[in-house]
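The next block holds one structure in the form of C-alpha cells; read it before the comments.
Every read-out reported here was derived from the displayed coordinates using simple, explicitly stated rules and does not represent laboratory data. The structure displayed is predicted, hence computed values, not measured ones. Heads up, the Cβs are rebuilt from the backbone with ideal geometry, glycines too, and the neighbour counts pull from every protein chain shown.
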Amino acid sequence: MPRKLFRDFSFEVFSEKLSKDDAVQLATEIKAFRKFLDQSDEIRFFLENNTIPVETRKQIVLKCVAGIEPEISVFGLVILFFLLESGLFNRLAYFMNVLRIYLAEEKNLMLVDVISRYALGETNLRVYQASMEYIYHKDVAFMYRCDPQVLGGFKLSWHSGEIDLTVRRKVNKIKELISQGR
Amino acid sequence: MEHVSIKIVILNFIAFFTLLFVIWYIVWPKVNAFVEARQKKIEDLLNTYADRNAQAEKLMAELKRENAQAATQRVKFLEEAKHESEKLRQEIIDKAYFESSAMIDRAKIEIEAERKVMFSQLRENVSRIVVAAVEDILKNIVDKDLDKKIILETEKSVNLVSNHAS
C-alpha cells in the first residue's frame with residue numbers, strides 16, 4: 001500500500017539487483033545525500049522545484065554527488081533520477097522508508113540503523129543480530145552512525161521498531177523521574 | 001279716700017276689653033306666628049345640628065375604626081418589614097459568607113496551583129541542571145573502552161533470546 005505513490009518504480013527489478021551490501025551502501029549514500037541537502041537549502045529548493053526541467057535538475061544532482069562521501073552508487077542515482085522524473089523528489093525520505101519496508105517484507109532483508117557514540121564493529125552486535133534474525137526470520141544488516149549525543153551504549157532502529165540501549169535514554173529517564181518528583 | 005266713678009270703671013273695662021280684643025285678634029296671632037316660626041326654625045336647626053352631629057359621630061367612629069385598622073396595618077407592616085429586613089439581612093450575611101468562603105476556596109486552589117506550578121518548575125529546573133551536569137560528566141568519563149564496557153554490561157542485562165538463536 002505505501003508503494004502506491006511510487007507505482008512507476010519497479011521495486012522487484014530493483015531489489016533483484018541489490019545485494020545485502022548494496023542495500024546497506026545505498027541506505028548510507030542516500031542518508032549522506034539527505035544530510036547534504038539539509039545543509040544546502042538552495043540546492044534542495046532547485047531539486048524539489050518541479051517547474052525546473054528534469055534534465056537541469058539531473059545535472060545539479062550529478063554535480064552535487066561528486067562532492068559527497070561515500071560516493072553515490074548507480075542504485076542511488078537510479079532512485080534520485082526516478083524521483084526527479086516523477087516529480088516526487090521532496091519524498092526522498094519517504095521513498096527510502098518504503099524501500100526499507102519492501103526489502104524487509106518481500107526480500108527478507110532488514111536494514112537496521114545503529115547509532116552509537118563511538119564506532120562499533122559487527123562483533124559488538126553479533127548477539128543482537130542473531131537475536132533479531134531469529135525473531136524476525138530475516139537477514140539483518142546494520143548501518144552504523146556515530147552521534148556523540150547518545151553519550152554511550154547504542155540504539156537500534158528499523159522500519160517497525162527500535163531498541164534503545166543508550167546512556168542518553170537512561171539520563172532522560174532520570175530527568176523524567178526528577179521532573180515528576182518521584 | 002277718693003270716690004271711684006262707675007263711669008271710669010266702665011271705661012276702663014271697655015278699654016281693657018278693647019285692648020284685649022286687639023291683642024287677642026290682631027297682635028297675638030302675629031306674635032304667635034312669629035314665635036312658632038322661630039320655634040320651628042330653631043327645631044329645624046336643632047334637627048340639622050343633630051343630624052350633623054350624628055354624621056360627625058358616625059364619621060368619627062369610622063375614622064376611629066380606620067385609625068384602628070391603620071394602626072393594625074401599620075403594626076402588621078412593621079412586623080413584615082422587620083421580618084423582611086431580618087430575612088434580607090440573613091440573606092446578605094449568608095451571601096457574604098458564601099462569597100467569602102468561595103473566595104477563600106478559590107484563593108486556596110490558586111495557591112495550591114501556584115505551589116504545584118512552582119514545584120513543577122523547580123523540579124524541571126533541577127532535572128535540567130542535574131541532566132546537564134550528568135551529561136557533562138558522562139561526556140568526559142565515557143571513552144571508547146568504557147563505552148565498550150557499557151555495551152557488554154547492557155548485553156548481559158538485556159533479556160535476549162540469543163540463547164535460542166545460538
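Could you pull the Rg and Dmax for region A:63-171, using just the Cα atoms, both in Å?
16.0, 46
For region A:35-182, what is the percent of antiparallel DSSP beta bridges, rounded to the nearest 5?
Given both bridge residues lie in region A:35-182, the antiparallel proportion sits at roughly 55 percent.
Restricting to the protein assembly as shown, compute how many DSSP beta bridges are antiparallel as a %, nearest 5.
The antiparallel fraction comes to roughly 55 percent.
Just to confirm the filter: which GluC sites (Glu not before Pro) across region B:1-60 are DSSP coil and have at most 14 other Cβ within 10 angstrom of their Cβ?
Answer in residue order: B:GLU2.
Percentage of Cα-Cα pair distances in region B:33-82 greater than 15 Å, rounded to whole percent?
Here the tail beyond 15 Å accounts for 64 percent of pairs.
What average count of beta carbons from other chains do you get within 10 Å of the Cβ of residues in A:132-143?
1
Can you bin region B:70-114 into rounded, prolate or oblate? Criterion: square roots of the alpha carbon gyration tensor eigenvalues sorted a ≥ b ≥ c, rounded for a/c under 1.5, prolate for a/b above b/c, oblate for the rest.
prolate
Going 7 Å from the Cα of B:ILE93 along its beta-carbon direction, which residues of region B:61-86 have the amide nitrogen within less than 12 Å of the resulting point?
B:86
A 32 angstrom limit on the alpha carbon distance is what I want to check against. Which of A:LYS58/B:LYS139; A:LYS63/A:LYS155; A:LYS138/B:LYS156; A:LYS20/B:LYS139; B:LYS58/B:LYS87; A:LYS63/B:LYS148 exceed it?
Flagged as over cut-off: A:LYS58/B:LYS139; A:LYS63/A:LYS155; A:LYS20/B:LYS139; B:LYS58/B:LYS87; A:LYS63/B:LYS148.
Jot down the per residue volume, in cubic angstrom and as a whole number, of the convex hull over the alpha-carbon atoms of chain A.
Considering the Cα atoms of chain A, their hull volume per residue is 157 Å³.
Return the average number of partner chain Cβ atoms within 10 angstrom of each residue Cβ along peptide B:147-155.
Whole-number average of other-chain Cβ neighbours for B:147-155 is 6.
Please check: in the Gaussian network model of chain B (C-alpha springs, under 10 Å), which one of B:ALA68, B:ALA37, B:ALA81 has the largest mean-square fluctuation.
Looking only at B:ALA68, B:ALA37, B:ALA81, the biggest GNM fluctuation is shown by B:ALA37.
I'd like the mean, over residues of A:112-123, of how many other protein chain beta carbons sit within 10 Å of each residue's own Cβ.
Mean number of neighbouring Cβ atoms from other chains: 2.
Separation between the A:VAL13 and B:VAL22 pseudo-spin-labels, each 7 Å from Cα along Cα→Cβ, expressed in nm?
17.8
I'd like the Karplus ³J(HN,Hα) series for region A:14-27: coefficients 6.51, -1.76, 1.60, θ = phi - 60°, whole numbers in Hz, and an x wherever there's a Gly or Pro.
4, 6, 4, 8, 9, 7, 4, 5, 5, 4, 4, 4, 4, 4
Stokes-Einstein D for the protein assembly as shown at 37 °C, 0.692 mPa s, Kirkwood Rh over Cα pairs, in µm²/s?
Approximately 103 µm²/s, per Stokes-Einstein.
Could you work out the relative contact order of chain A? I mean the mean sequence separation of Cα pairs under 8 Å and 6+ apart, divided by the number of residues, in percent.
About 19 percent, as a whole number.
I want the local charge near A:LEU77. Using Cβ-Cβ distances under 11 Å, sum +1 for each Lys or Arg and -1 for each Asp or Glu among the other residues.
-1
Which whole-Hz ³J(HN,Hα) couplings does region B:104-116 yield from phi under the Karplus relation 6.51 cos²θ - 1.76 cosθ + 1.60, θ = phi - 60°, glycine and proline marked x?
Whole-Hz 3J(HN,Hα) from phi for region B:104-116: 5, 4, 4, 4, 4, 4, 4, 4, 4, 4, 4, 4, 5.
Work out the P(r) tail for region B:1-107: percent of alpha carbon pairs separated by more than 24 Å, whole number.
Of all Cα-Cα pairs in region B:1-107, 72 percent lie more than 24 Å apart.
Compute the angle between helix B:144-157 and the longest alpha-carbon principal axis of chain B, please, reported from 0 to 90 degrees and rounded to the nearest 10.
It is inclined by approximately 70 degrees.
Could you pull out every residue, at least 5 positions away or on a different chain, whose amide H is within less than 5 Å of the one on A:GLY153? Hs are placed 1.01 Å off N in the peptide plane, and Pro or chain starts have none.
A:ARG117, A:VAL167, B:ILE151
Treating only the Cα positions of region A:23-79 as identical point scatterers, give the base-10 log of I(q)/I(0) from the Debye formula at each q in 0.18, 0.28 Å⁻¹.
For the requested q values the scattering log ratios are -0.58, -1.24.
Provide the net charge surrounding B:ASP143, with neighbours chosen by a C-beta distance below 11 Å and charges set as Lys +1, Arg +1, Asp -1, Glu -1.
+3
Just to check I understand the Karplus step: with θ = phi - 60° and J = 6.51 cos²θ - 1.76 cosθ + 1.60, what whole-Hz values come out for region B:86-100, glycine and proline as x?
The phi angles translate into 5, 4, 4, 4, 5, 4, 4, 5, 4, 4, 4, 5, 4, 5, 5 Hz.
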